[in-house]
Amino acid sequence: MNRTGRIFLAALAGAAVLLFPVVTTTPYYIHTVLMVFLFATMGLGWNLIGGYGAQLSLGHSTFFAIGAYSAVLLMVNYEISPLVGGIVGMVLACGAAVVIGLPCFRLRGPYFCLATIAAGEIARILFLHFQEFTGGANGVPLPFHGDDILTLQFSSKAPYYYLALGLLVAVFVLVRWMEKAKIGRYLAAIREDQDAAESLGVRTDRVKLIAYVLSAAITAAAGVLYAFTVGYIDPDGVASLNLSIEIAVVVIVGGIGTLWGPVLGATVVVLLTELTNMYLGSLRSGASLVLYGLLLIVVVVARPKGLISLFDRAPAASLPKQVGTRVHVA
Amino acid sequence: MKLGSWLTSTAVVSAALGLAIAISQGAEKEVQIAFLNPLSGNNVDAGQQDLNAATLAIEDINKAGGIKALGGAVIKLVIVDTTSDPKNAASTAERVFSTQKVAGAVGTGISGLTLPILPVAEKSRIPIITNSVNDQITSLKYKYTFQVTPKGSQFGSTQVQFLKALNETYGLGIKDVAVVYENSGYGVSTASSIKEIAASAGLNLVLFEAYPHGFTDASSLVTKIKASGAKALFPVAYTTDAKLIINTMKQMDVSPVIIGGGAGFLWPVFAKEMGPAVNGFVSVASWNWDSKSISSVPELASITTRYEEKFGTFMTEHAGPTYVAVRMLAEAMEIAKSADPVKVREALSTFDNDKIGGFMQPGRVKIDGTGWNGAVHPVMIQWQDDKPRTVFPAMDAVRTFKR
């Protein structure tokens, strides 16, 4: 296919995504694509530190929860718009990332990973513990008072869809820019060999921390949108290790350290979850989860570099190469 | 190029989506009811009991001629696995409510899964009857939410009243009590209610301690119970945790009077795991199969008998209210003479019934202004002859408490 053809096809696809909520009236389909967007966003955020920087974090649900809880609690208790509360949540998540990152980045490999799991669990327990403030295990339901942009409350799914799409596009553009910017190259250098990077003058702790903080802010923003889309949050739902793993799985399945990997991964993982649940969910044995797990294993075993590697040899697609291939450590 | 590749991938997304959309929606002549419960994950036990009950209720309704006001339409259950993850619960609810034509829904029996489903039901205008006990459920002012079971906050007062009755009858003189509870929606609401009421009942709360669901070592918890000197213990737990706590107490020779907080102390698996030692345990229950209002009415008692024949265990605390919930939806359709969810909701909002409603203690379902069955109260059971038997309050009791 020539360039014009590709652009035409791509424009068509872009129009399909934009017009999707107009064409379908079924909230579930909109909700599903919305979840793809949210997971793709979180995957892109996670990829900054987990993929480009190769620091496997399994504690990202903490930032998701901080975003979600900040916006929801500020609205429910103090009637502050989630547009403001969301920013507060992102700032708090950045703060948490600094607090977690400073000591944890002294650790490497599996030790760093374990430390993030521990930090995530501590956060979940804190959300459970301060029940006077967070509602504890009871969670916080959002009462619905009719459509209002200031409270991010809509009876239709479409506004959430466009907000999630907007967030995804913004994060995508940011990550794409970072990939090429200095920080992207520093991160790639750290991924390839942290000691070598340090010996060349890269302040690895600082670079990792910046990536981690940005990654936290992106995850928190997704958390805010999730909370208002679903209308109920509790520590087991938004601060669980499960969610942290899901975020990482999205990227690992799609292609770690690539720009399109998280988007592809989110599409596959979310749709796979929904399809297996839809067709096998009424069987009583949890067959849907078994099949879901098996498919993920197949993907990871057959394509360790992620599904995005399927497109590697397609000359026409110009899909991204591994960042590592264009590292110039100077 | 980059824009091109972005849009190309979007095409992939859209194609995958198209696949998801290709769902066949058969034209049903029957009326559908959505059944939302966890059929996988941690909470599968509860979900399975709910499913058994819902299946039996549907069979009973259809055998008796379906919905008569709708020309004998048969009811079909749309079974949906919410999984045990709140995030999935919301999206499965979204799916069933927007892709299936249902007159109403039942579920779930787990508060943490029910709460994310309620806003979806409200926005989709589908009435949902839940058998979760969390107090927040009917405080949200949702119009499409109905709660058939007692609230968690009632559990505590029933347990405390029972202890008072024990003190009076047997002169036990128990004043110091301890509460240990699972850190979940169900655990917190049940435990807090005990805390609130203990002082006014003249009890001294010497320990109030949470533990994480599925913990593997109860020794530090039991050490705290021992150190507190409590003479009575209120554990709020699911089966595995309940068994762990009790066994650890035995090993460490700690033996206060145990008054269980429902769930784990009531399920068939508890009897299976404890063996003959199960007899004598007491617990609060949101529902019990042999309460007076059920066992004194042959028609209602036969439901529990048939459940036992069909599924091999007594009808459980989760199963009973789910059975009622399905029958309530059918009854509401009779009243509304319609399967339109909005009309079914209207019929449910003033629902007052002592026939099938007799299946809930104390013999009636009466929905109040908040959507809650305000008539209901919990009961106390004691395991006797390997089954939980109702022993308190007197109006529901069929057996006497054995020391």
### Task
Could you sort A:217-223, A:8-14, B:87-93 so that the peptide with the highest average Cβ count within 10 Å comes first and the rest follow in order?
A:217-223, B:87-93, A:8-14
### Task
Take each of the peptides A:267-275, B:245-253, average the number of other beta-carbon atoms within 10 Å over its residues, and list them starting from the highest.
A:267-275, B:245-253
### Message
Assuming 0.36 nm per residue, please report the length gained on full extension of the stretch B:F215 to B:N247 beyond their Cα-Cα distance.
### Response
10.2 nm
### Query
Once the Cα gyration tensor of segment A:26-241 is found, what semi-axes does its equivalent ellipsoid get, as square roots of 5 times the eigenvalues, in whole Å, sorted largest first?
31, 20, 13
## Note on the structure
So, with points 7 Å from each Cα along the Cβ direction, the A:A15-A:R108 label distance in nm works out to 5.3
### Summary
At R0 = 25 Å the Cβ-Cβ FRET efficiency linking A:V22 and A:S81, nearest 0.05, sits at 0.40
#### Entry: Cα lying deepest toward the dipole's positive end in chain B, options B:F351, B:I58, B:T239, charges on Cβ
B:F351
### Task
Only helical DSSP H runs with n ≥ 4 go in: add -39500 (n - 2.57) per run for the protein assembly as shown, normalise by residue count and round the 222 nm mean residue ellipticity to 500 deg cm²/dmol.
-18000 deg cm²/dmol
### Query
Which Cα, out of A:S215, A:N77, A:F127, lies furthest along the positive dipole direction of segment A:26-241 (beta carbon charges, K/R +1, D/E -1)?
A:S215
### Query
Reachable lysines from B:K76, Cα under 16 Å, same-chain residues fewer than 8 places away excluded?
B:K29, B:K63, B:K68, B:K101
### Query
Can you give the extra length, in nm with one decimal, that the chain gains between B:D368 and B:K101 once fully stretched, where that is 0.36 nm per residue apart less the Cα-Cα distance?
93.4 nm
### Query
Tell me, what is the FRET efficiency for B:A277 and A:I122 to the nearest 0.05, using R0 = 30 angstrom and their Cβ-Cβ distance as r?
0.20
### Mean Cβ neighbour count within 10 Å, used as a protection proxy, ranking A:65-76, B:322-333 highest first
B:322-333, A:65-76
### Summary
Here the whole-number average of other chain Cβ atoms within 10 Å per Cβ of B:244-254 is 0
### Summary
Gyration tensor on Cα atoms of segment B:353-395, a ≥ b ≥ c root eigenvalues, a/c under 1.5 rounded, else prolate if a/b beats b/c, else oblate, says prolate
### Query
Dipole of segment A:72-213, Cα-centred, from +1 at each Lys and Arg C-beta and -1 at each Asp and Glu C-beta, to the nearest 20 debye?
520
## Note on the structure
Mean per-residue count of partner chain Cβ within 10 Å for A:223-231 equals 3
### Task
Give B:K164/B:K226; B:K310/B:K337; B:K141/B:K337; B:K123/B:K337 a once-over and call out the pairs whose C-alpha atoms are over 28 Å from each other.
B:K310/B:K337
### Query
Per the Kirkwood definition applied to all pairs of different Cα atoms, how many angstroms is the hydrodynamic radius of the protein assembly as shown?
27.1
#### Entry: Label-to-label distance, nm, for residues given as A:V91 and B:R399 (7 Å Cα→Cβ offset)
6.1
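Here, each number is a calculation from the coordinates, and none is a lab measurement. What you are looking at is a predicted structure, and each value in this text was computed from that prediction instead of being measured. As a convention, Cβ positions derive from the backbone with ideal geometry for all residues, glycine included, and neighbour counts pool all protein chains shown.
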